[in-house]
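Single-structure report; data block below.
None of the figures in this text is laboratory data; all of them are computed from the coordinates on show. Just so it is clear, the model here is predicted, and its values are computed rather than measured. With ideal geometry, Cβ positions are generated from the backbone for all residues, glycine too; neighbour counts draw on all protein chains shown.
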Amino acid sequence: MAKITGVMASTHTPGLLGWFEDAPKDQQEAARKAFAEMRDYMAKCRANVMIIVSNDHLLNWPINNSPDYTVGIGSEHVGPADWYDSWLGQKEKYHVSGHPGLACHIVNASARLGVSMSYLREMQFDDGISVPTCWLNPDSEISLIPITLNCNIPPIPTSESAYKTGLVLHKVIEEYPGDDRVVLVGSGGLSHEPGGPRYFYIDDDFDRWFMGLIAEGDHEKILRECTLERMEEAGSGGTAELIAWILVMASTQGPAKILNYVKSYSWRCASGWVVWPNVR
């Protein structure tokens, strides 16, 4: 059977690719070191499949038809989307193999357990998938299954419902026949309000509070206190991306290890990187 061998989470601000060198040298080094530690963690997990859970910034679905969850089931994934080429500073597209068998299994088996997921054979990728793909799988040696979630159009999944979806995802992955070793990556956050009146505002108090909760490792407390309302207060339309972290956290036990936290106005968002030592 397939097995989840690792769980991680990271910010996906486009600044981590497109205007990376605009930040002070110490912030650049902190990001490089954190991503390197995540790659080392994946190597220790001997992962051959990476499932990135992020949000679709209204790229694949229209504003009046945005499903809660979408799984990319293609045999190959290509990105970033053309519009994001210059914004993310990528001279060439990345090409990474998919895993149609496991991806289709996730869609079908989740439905039988009460979680409906849409699917696409050809997905367009923005920073949510592209940033972790470029940093964590630069040689495209690990197969990718992208799962995007709705963080923009109400009703948005709550922390509790995302966590329950994470429990279902964990169960169906580990029911899949074969010897795949899967690493889950939550991609999103921290506090930001893209295009809003607080576009360049970083809620440092919220970010450090959230990272502290993750480090503390009390899942029930996180679900109780990190509500959609609390996330919206810290930055409307962006901070709720952290439900991707909460979804993958469902496959873990106990505290996360905080690799780093960087408050960077150059990247228009504070950045955080974590790994979970204990998987269910």
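What Kirkwood hydrodynamic radius, in Å, does segment 103-160 give when the mean of 1/r is taken over all pairs of distinct Cα atoms and then inverted?
Result for segment 103-160 stands at 13.6 Å.
Please go through the residue pairs Lys33/Lys263; Lys44/Lys257; Lys25/Lys91 and name each one whose alpha carbons sit more than 18 Å apart in this structure.
In this structure, Lys25/Lys91 exceed 18 Å between Cα atoms.
Could you give the alpha-carbon Rg of segment 3-276 over 2.2 N^0.38 Å, rounded to two decimals?
It is 0.91.
Using amide H atoms built in the peptide plane, which far-off residues or other-chain residues are under 5 Å from Ile145 H to H?
Those lying under 5 Å, H to H, from Ile145 are Met50, Ile51, Ile52.
Calculate, in nm to one decimal, what Trp209 and Thr158 gain on full extension: separation in residues at 0.36 nm each, minus their alpha carbon distance.
16.5 nm
With charges set only on the Cβ (+1 for Lys and Arg, -1 for Asp and Glu), what does the dipole of segment 1-66 come to about its Cα centre, in debye to the nearest 20?
400
Would you mind checking the radius of gyration and Dmax of segment 1-116 based on alpha-carbon positions, in Å?
Just the Cα atoms of segment 1-116 yield Rg and Dmax of 16.7, 50 Å.
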